[in-house]
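The values are calculated or read from the model by the stated rules, or taken from the named source; none is laboratory data. All figures in this text were calculated on a predicted structure; none of them were measured in a lab. Cβ: placed from backbone, ideal geometry, glycine included. Neighbour counts: every protein chain shown.
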Amino acid sequence: MDHDRAFLGHPRGLGYIAFAEAWERFSYYGMQTLLVLYMTRQLLLPGHVENIAGMGWFRRVMEAAYNGGDSLTVIGLSSAIFGTYTSLVYLTPILGGIVADRWLGRTATVTVGAILMSIGHFLMAFEGSFLAALLCLQIGVGCFKGNLASQVGELYAPGDLRRADAFQIYYLFINAAVIVSPLVTGTLGEKVGWHWGFGAAGVGMVLGLVIYLSGRKWLPKEQPRTKAAAGARVPLTGDEWKAIAVLIGLIPVLAVGAVGNQQLFNAYMIWVPEHVNLVFFGRTMPTSWLQSLDAAVSVSALVAAVAFWRWWAKRFREPTEITKIILGMSLSAAGQLCMVGAALASAGGAKAGIGWILGFEVLNSIGFANVFPVGLAMYVRVAPQKVAGTIMGIYYLHLFAGNFLVGKLGGYVETMSGVNFWLLHAGLVGGAGLVMLIASRAAGRLLNPTGAGGA
């Protein structure tokens, strides 16, 4: 599709995929923004928690997994549920990739996922169906997310250098949606009623499905899946198995490197209002708006990253994808040190200034702009085409592990000092960047595209 440059110099299909993903992320992050606040301020409190179908056995599972079987406080249980939900959301794309690769194809699997997510968001409007809603959302995201990202990569020929740029544009649309989402769903949820916020998320998911289906003719062509075709699958070569092994081996490193960013939706939402002054012009900003602030900074960082690397490539050798990831993790670790500064500034009892939060947002957002979308591009390029959907599901596995770790670490916000809590995150992210540097030396020929800049 080298000739198709109808959407910002890219294939027209990228536009449909990006807008569909934007609405899906509007719904997902709208719900996720409210999740911890909803659980700690209403759902898990006496008089409400009893209404949740299946909560008795589920609570026992959470206490066994996160606290050795001992009882969890409301905040501890909330953090455990958040960590379990957000981690499983990134495990199910492996199954979604297998379903698409072997049976339904990407477009049909994405459509099924969008329908399930719509149902899940609307079920969140009722306390009794809370766990059923989370289950629908987990399965739906599994069908939707990895396969949609795979379709982005499939819009381009193997040697088309626009691919990494496309994933940054794709991620830019995601963050643009996240700016708007907390303002809509968060304001409705906190100011009008929790269920209004969740309902708005459901409407957003339906819009995403409509946009996706309207652009079907511009999506990558798929081969018909028949029993005969399935039986004639070409086996993977030795080099392809080596590529898969390296990509899987990097998953734990990416998981640890994502911890600082993923904590934004968990302990960050609880710790910041207690320790940072959020009053603007005499009015206190709703906590959910922190996510809009983060998304606004993230969008700016993505635009700047795309523009910077395009400028850089015209004058110098552009760094490889893994080099950008190492740089990104280093900046994200520096952002966690700003949170340490906020903790020190609030140690005396007075709340810290908003500048510490802005410093964290800028450094973390620039860092993550060079980690997540660039990682997507690297995995799409290195993964054998025969198992592309499955490998993209495996890529999201790092967010499964990272969010599980976030859920575990988030409970420590009650028992650790702010300084130690955020120092722990800085050390984890920085350590992941160091390991990624070692990996770039050990497997550089595989991970670095032919003719790309040096590490």
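Table: residues versus (1) under 19 Å from Ala432 (Cβ atoms); (2) touching a Pro at 6+ places or on another chain (Cβ under 8 Å); (3) in a helix (DSSP H, G or I).
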residue: Ser330; (1), (2), (3): yes, no, yes
residue: Val340; (1), (2), (3): yes, no, yes
residue: Gly348; (1), (2), (3): no, no, no
residue: Lys386; (1), (2), (3): no, no, yes
residue: Gly402; (1), (2), (3): yes, no, yes
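Taking every residue in the range 80-103 that is farther than 28 Å from Ala64 by Cβ and pairing it with any residue that is buried (at least 24 other Cβ atoms within 10 Å of the Cβ) and of a type in the set (A, V, I, L, M), at least 6 positions away or on another chain, the pairs with Cβ-Cβ distances below 7 Å are Gly97/Met392. Applying the set (1) in contact (Cβ under 8 Å) with a residue 60 or more places away in the chain; (2) among the aliphatic types (A, V, I, L, M); (3) over 24 Å from Leu428 (Cβ atoms) to Ala313 leaves exactly one unmet item: (1). Do we find that Ile326 is at pLDDT 90 or above, farther than 30 Å from Thr187 by Cα and in contact with a Ser or Thr (Cβ under 7 Å, 6 or more places away or on another chain) in this structure? Here the answer is yes, as Ile326 does meet what is asked.
In this structure, is Ala305 closer than 30 Å to Phe198 by Cα, part of a helix (DSSP H, G or I) and not β-branched (Val, Ile, Thr)? Answer is no for this residue.
Report, by residue number, each residue of the range 383-417 that is of a type in the set (Gly, Ala, Ser) and surrounded by fewer than 22 Cβ atoms within 10 Å (Cβ to Cβ). Passing the criteria: Ala401, Ser417.
The listed residues are Val435, Val380, Val429, and the only one of them that is part of a helix (DSSP H, G or I), among the β-branched types (Val, Ile, Thr) and closer than 17 Å to Leu264 by Cα turns out to be Val429. Annotation for the range 392-411: at least one member residue is farther than 20 Å from Leu247 by Cβ, within 22 Å of the chain's Cα centre (by Cα) and basic (Lys, Arg). Examine the range 88-111 for a residue that is aromatic (Phe, Trp, Tyr), closer than 24 Å to Val406 by Cβ and within 21 Å of the chain's Cα centre (by Cα), and state whether such a residue exists. Yes, that holds for at least one residue.
The single residue among Ala149, Ala177, Ala166, Ala114 that is surrounded by 21 or more Cβ atoms within 10 Å (Cβ to Cβ) and touching a His at 6+ places or on another chain (Cβ under 6 Å) turns out to be Ala166.
One residue is enough: does the range 259-272 have a residue meeting the conditions in contact (Cβ under 8 Å) with a residue 60 or more places away in the chain and small (Gly, Ala, Ser)? Yes: the range 259-272 contains one or more residues that are in contact (Cβ under 8 Å) with a residue 60 or more places away in the chain and small (Gly, Ala, Ser). Residues of the range 412-423 that are part of a helix (DSSP H, G or I), hydrophobic (A, V, I, L, M, F, W, C) and more than 21 Å from the chain's Cα centre (by Cα): Val413, Val419, Phe421, Leu423. The residues listed here are Tyr38, Tyr66; of these, the one that is under 27 Å from Ala114 (Cα atoms) and either part of a helix (DSSP H, G or I) or modelled with pLDDT of 90 or more (or both) is Tyr38.
Within the range 310-326, the set of residues being surrounded by 18 or more Cβ atoms within 10 Å (Cβ to Cβ) and either aliphatic (A, V, I, L, M) or in a helix (DSSP H, G or I) (or both) comprises Glu321, Ile322, Thr323, Lys324, Ile325, Ile326.
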